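K.L.:
The structure under discussion is supplied below as structure tokens; questions concerning it will follow.
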Amino acid sequence: MSHALATAPAATAVDLPSVVGADLQVPLVDGRCVRYANLDVAASAPALQAVADEVNALLPWYASVHRGAGYASQVCTRVLEAARTTVAEFVGARPGDVTVFTRHTTDSLNLLASCVPGPVLTLDVEHHANLLPWQSRPGSRVIAARAGVDATLAAVDDALARGSFALLAVTGASNVTGETLPIAQVVDIAHAYGTRVVVDAAQTAPHRRIDLAAWGADYVALSGHKLYAPYGTGALVGRRDWLDEAAPHLAGGGAVAHVGIHGTTAEAAWAPAPHRHEAGTPNVLGAAALAAACRTLAPLLDEVAPAHERALLTRLTDGLDAIDGVTSLRIWNDSPDRVAVASFVVDGVPAGLVAAYLSAEHGIGVRDGRFCAHPLLARLADGGDGAGDGNAVRASLGLGSTAEDVDRLLSALTALVAEGPRWDYAVVDGRWAPTPDPRDADPLGLAGPVGTQRCGAA
């Protein structure tokens with residue numbers, strides 16, 4: 001049952017930016033406090049310290065954006081528009097592309113869904129954000145990914161040849177397995193049929209360079225909270241024509257050039273993109289945070305960050321494969337690359353119980369369930385014979401992750417398989433939880449103490 005830590009490669013020594021909460025202490029059910037091993041960064045990444053510093057520096061200047069005559073308003077307007085340029089550069093946008101600030105990837109893809117002038121083709125490996133927005137569009141279709149990348153690309157080619165699709169919506173990296181598709185090749189296939197391509201880059205942007213121009217992709221969507229900028233802003237970047245021709249994402253101030261007493265009906269009355277789709281007061285703090293993350297990450301995405309994460313991912317996947325009773329999930333057997341995400345199941349142990357045990361007894365944060373990718377998990381986590389429940393455990397790594405975090409997870413899983421949990425657990429309000437749970441679930445005092453034990457930050 002050894003997970004062979006001695007032979008696993010150590011993470012490459014690199015100069016990485018610091019993240020907020022790197023020394024966070026969390027309580028265990030046995031009364032101890034340990035440093036939190038955050039292996040759930042694919043869900044929401046902690047803020048980079050540089051991002052937090054940028055937001056704190058801007059706060060005293062916070063004021064209305066656009067049309068404000070006050071000096072602080074002018075400062076914030078310049079910050080917002082400079083952030084737009086920074087995000088565009090970060091994703092390799094072309095000169096004619098437009099950058100629309102949204103709340104997150106889901107918001108970006110729903111915005112694009114309202115602009116697409118025809119059916120959409122997707123794969124069944126997608127996050128719900130890249131499945132649900134297209135489902136109500138007549139003629140749209142979802143096809144199953146094949147066991148290999150080449151076979152999957154052939155299936156996409158065949159579907160495009162047999163149908164008429166305005167858009168192909170594809171993930172840049174799976175939020176379940178971290179595996180990637182060769183985007184430039186996908187784009188070439190789609191463009192041969194006159195089909196545009198949008199890339200869901202929520203899991204790609206924190207780990208690999210995005211290059212709209214080099215890929216030839218038409219649109220890319222991303223989230224700040226995945227990109228170490230959890231301040232409520234995402235972006236949709238891409239070709240202008242569909243965005244300028246569609247109705248505004250929201251109707252309101254800022255999206256309109258002129259309003260009459262009976263409303264706005266003339267096409268010319270709506271502002272062009274990006275403002276057409278940014279009604280309401282912009283989240284200038286979120287835009288500044290996203291831009292700061294882009295500036296910090298841009299120099300790291302070719303070599304430094306991938307080397308760090310690949311070393312940790314190899315350590316993790318080799319360790320998981322060495323534990324009897326633990327099965328890793330994969331979509332393709334020949335994916336050209338993989339970002340630092342790994343999902344697995346433990347024989348005979350519900351995924352929710354695994355996650356609760358890792359948190360309560362080892363101070364490790366992971367994600368359990370179906371990861372907003374139900375069709376894919378139904379296929380990958382059914383036990384091979386349909387006996388599974390479609391749930392799994394996901395460990396995801398990032399800039400703040402360490403070899404010690406990975407080793408702690410592997411040791412905890414080895415102990416779980418060999419001995420089982422040391423604490424009692426039960427399903428409470430639909431989720432597995434330690435019973436009793438002496439930990440304080442509200443250490444900040446925002447809703448009143450729940451348990452009795454809390455920890456400070458080291």
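K.L.:
Which residues, taken from the stretch 137-176, are surrounded by 17 or more Cβ atoms within 10 Å (Cβ to Cβ) and within 24 Å of residue 369 (Cβ to Cβ)?
P.N.:
142, 145, 169, 170, 171, 172, 173, 174, 175, 176
K.L.:
Mind telling me which of the residues 39, 80, 112, 59 ends up being touching a residue at least 24 places away in the same chain (Cβ under 8 Å) and closer than 22 Å to residue 197 by Cβ? If you could, list the steps in order and put the result at the bottom.
P.N.:
Working: 39 fails: closer than 22 Å to residue 197 by Cβ; 80 fails: closer than 22 Å to residue 197 by Cβ; 59 fails: closer than 22 Å to residue 197 by Cβ.
112 is the lone residue from the list that is touching a residue at least 24 places away in the same chain (Cβ under 8 Å) and closer than 22 Å to residue 197 by Cβ.
The rows are residues; the columns are (1) loosely packed, with under 15 Cβ neighbours inside 10 Å; (2) over 23 Å from residue 25 (Cα atoms); (3) touching a residue at least 24 places away in the same chain (Cβ under 8 Å); (4) not β-branched (Val, Ile, Thr).
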position: 368; (1), (2), (3), (4): no, no, yes, yes
position: 381; (1), (2), (3), (4): no, yes, yes, yes
position: 409; (1), (2), (3), (4): no, no, yes, yes
position: 421; (1), (2), (3), (4): no, no, yes, yes
position: 429; (1), (2), (3), (4): yes, yes, no, yes
position: 432; (1), (2), (3), (4): no, no, yes, yes
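K.L.:
Restricting the first residue to the stretch 283-302 and requiring it to be outside the structural domain of residue 88 (by TED's automatic domain parsing), which pairs with a second residue that is outside any helix (DSSP H, G or I) and β-branched (Val, Ile, Thr) meet a Cβ separation below 6 Å and a spacing of at least six or different chains?
P.N.:
none
K.L.:
List the number of the failed condition for residue 356; all other conditions in (1) touching a Phe, Trp or Tyr at 6+ places or on another chain (Cβ under 8 Å); (2) surrounded by fewer than 23 Cβ atoms within 10 Å (Cβ to Cβ); (3) within 24 Å of residue 23 (Cα to Cα) hold.
P.N.:
The number of the failed condition is (2).
K.L.:
I've got another one for you. Among the residues of the stretch 385-407 satisfying the criterion of being part of a loop (DSSP other than H, G, I, E, B) and at pLDDT 95 or above, which is surrounded by the fewest Cβ atoms within 10 Å (Cβ to Cβ)?
P.N.:
402
K.L.:
Find the residue count for the stretch 304-336, including only residues that are in a loop (DSSP other than H, G, I, E, B) and small (Gly, Ala, Ser).
P.N.:
Result for the stretch 304-336: 3.
K.L.:
Right, another one. If I ask for residues that are of a type in the set (Asp, Glu) and over 18 Å from the mean Cα position of the chain (by Cα), which ones from the stretch 327-346 would you list?
P.N.:
In the first step, residues of the stretch 327-346 are kept if they are of a type in the set (Asp, Glu); the result is 334, 337.
If the condition is that a residue be of a type in the set (Asp, Glu) and over 18 Å from the mean Cα position of the chain (by Cα), then 334 is the only one that fits.
K.L.:
Checking the condition over 24 Å from residue 376 (Cα atoms), modelled with pLDDT of 95 or more, buried (at least 23 other Cβ atoms within 10 Å of the Cβ) and not hydroxyl-bearing (Ser, Thr, Tyr), which residue from 301, 313, 285, 290 passes? Break it down into steps so the answer makes sense when it comes.
P.N.:
Numbers: 301 fails: buried (at least 23 other Cβ atoms within 10 Å of the Cβ); 313 fails: over 24 Å from residue 376 (Cα atoms); 285 fails: buried (at least 23 other Cβ atoms within 10 Å of the Cβ).
Testing whether each residue is over 24 Å from residue 376 (Cα atoms), modelled with pLDDT of 95 or more, buried (at least 23 other Cβ atoms within 10 Å of the Cβ) and not hydroxyl-bearing (Ser, Thr, Tyr) leaves just 290.
K.L.:
For the stretch 29-44, give me each residue that is closer than 12 Å to residue 365 by Cα and in a loop (DSSP other than H, G, I, E, B).
P.N.:
Hits for the stretch 29-44 are 36, 39, 41, 42, 43, 44.
K.L.:
Here is a further query. Please state which one of 97, 30, 107, 40 is exposed (fewer than 15 other Cβ atoms within 10 Å of the Cβ) and either in contact with a strand residue (DSSP E or B) (Cβ under 9 Å, 6 or more places away or on another chain) or at pLDDT 95 or above (or both).
P.N.:
Working: 97 fails: exposed (fewer than 15 other Cβ atoms within 10 Å of the Cβ); 107 fails: exposed (fewer than 15 other Cβ atoms within 10 Å of the Cβ); 40 fails: exposed (fewer than 15 other Cβ atoms within 10 Å of the Cβ).
30 is the lone residue from the list that is exposed (fewer than 15 other Cβ atoms within 10 Å of the Cβ) and either in contact with a strand residue (DSSP E or B) (Cβ under 9 Å, 6 or more places away or on another chain) or at pLDDT 95 or above (or both).
K.L.:
So how many residues does the stretch 155-166 have that are aromatic (Phe, Trp, Tyr) and part of a helix (DSSP H, G or I)?
P.N.:
Going through the stretch 155-166 one residue at a time, the tally reaches 0.
The values are calculated or read from the model by the stated rules, or taken from the named source; none is laboratory data. Computed from a predicted structure; not experimentally measured. Here Cβ is always computed from backbone atoms with ideal geometry, including for glycine, and neighbour counts include all displayed protein chains.
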